[in-house]
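Please treat every number below as a calculation from the coordinates, not as lab data. On a predicted model such as this, the values are computed, not experimentally measured, just so you know. In this analysis, Cβ positions are derived from the backbone assuming ideal geometry, glycine residues included, and neighbour counts consider all displayed protein chains.
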């Protein structure tokens with residue numbers, strides 16, 4: 001499991017692989033849902049860094065490869 005995975009909150013910086021290339025994204029919501037975790041997460045993908053358009057959308061949690069600034073409780 002990725003370090004800091006359980007602490008993803010709104011504004012947390014992530015790296016995702018849904019575009020085929022590791023891309024920076026910012027979480028737009030918390031990963032927690034009730035007593036468990038969501039299967040998809042709403043993120044703002046910064047695809048302009050790899051030559052595509054920036055978009056907000058859902059990504060599968062399995063596509064998150066790194067949590068850049070995990071916030072500890």
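Numbers below:
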quantity: Search result, residues across region 25-40 that are touching a strand residue (DSSP E or B) at 6+ places or on another chain (Cβ under 6 Å) and outside any loop (DSSP other than H, G, I, E, B); calculated: 25, 26, 27, 40
quantity: Looking only at region 24-54, and only at residues there that are farther than 16 Å from residue 8 by Cβ and touching a residue at least 24 places away in the same chain (Cβ under 8 Å), the one that is nearest to the chain's Cα centre (by Cα); calculated: 47
quantity: Residue 20 assigned to a loop (DSSP other than H, G, I, E, B), out of contact with any helix residue (DSSP H, G or I) (no Cβ under 7 Å at 6 or more places or on another chain), without any contact (Cβ under 8 Å) to a residue 40 or more places away in the chain and within 14 Å of residue 68 (Cβ to Cβ); calculated: no
quantity: Meets criteria (farther than 19 Å from residue 6 by Cα and not in a strand (DSSP E or B)) for residue 48; calculated: yes
quantity: Test result for residue 20, surrounded by fewer than 16 Cβ atoms within 10 Å (Cβ to Cβ) and more than 12 Å from residue 58 (Cα to Cα); calculated: yes
quantity: Candidate set: region 55-69, residues that are in a strand (DSSP E or B) and without any contact (Cβ under 8 Å) to a residue 60 or more places away in the chain; chosen: the one farthest from residue 45 (Cα to Cα); calculated: 60
